[in-house]
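The values are calculated or read from the model by the stated rules, or taken from the named source; none is laboratory data. Predicted model only: the values in this text are computed from it and were never measured. Cβ: placed from backbone, ideal geometry, glycine included. Neighbour counts: every protein chain shown. Ligands, DNA and RNA are stripped out before the accessible areas are found, and what is left, the full protein with its side chains, is counted by its heavy atoms. Shrake-Rupley method; radii C 1.70, N 1.55, O 1.52, S 1.80 Å.
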Amino acid sequence: MLPFVSNRTALFTRYTPDDWYRSNLTNYKESEMSRHDAERLRVDTSRMIQDKDQQTRRTQTETTQNLGERVNDIMFWKTELNHEVDEMIGETNALTDMKKRLERALAETEGPLQVAEECLLHREKRMGIDLVHDDVEKQLMTVSPSGIPRWKRAPPTPRAV
């Protein structure tokens, strides 16, 4: 059996074609406004994407340029440092060569120094009137450092290398 529907409820729940038309028109206008808002939002979003893309490209270009300048600066200073290192190496080599030459020259003075000190030693062994302080002894003392024979001097202190 079907439920009983009163005429009264049927009268109040029914709409007129004019009501339906107005409701449909309202829905149509609301959907048109929603579509328009969505389109405006899409356009705004596209514009923002383009703006951010341009800003990103600009920033990337500036950063690339700054990095390029920094690389050039680093290469310049590296070249300068290498140049300075090369000069220091050259100067160190020159100093090493000079040190060797001076050491050889010092070694070459050992022979004459030993002869002069030996002569002074033999002159010290003289007796009496032969112990004369003459020009020869003065010259021998100028060859020997401080004029004192090595055997009378204190032992040398080790020198720093």
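Largest to smallest in accessible area, the residues S46, S34 fall in the order S34, S46 (1.4 Å probe, all protein chains included). Projected label points at T56 and N24, each 7 Å from Cα along the beta carbon direction, are separated by 4.7 nanometres.
Net length available on complete extension from E124 to M48 is 16.5 nm, with 0.36 nm assigned per residue and the Cα-Cα distance removed.
Per residue, the stretch 28-102 exposes 95 Å² of solvent-accessible protein surface, assessed with a 1.4 angstrom probe and all protein chains in place.
Summing charges over neighbours of T59, with a neighbour being any other residue whose Cβ is under 13 Å away from its Cβ, gives 0 when K and R count +1 and D and E count -1.
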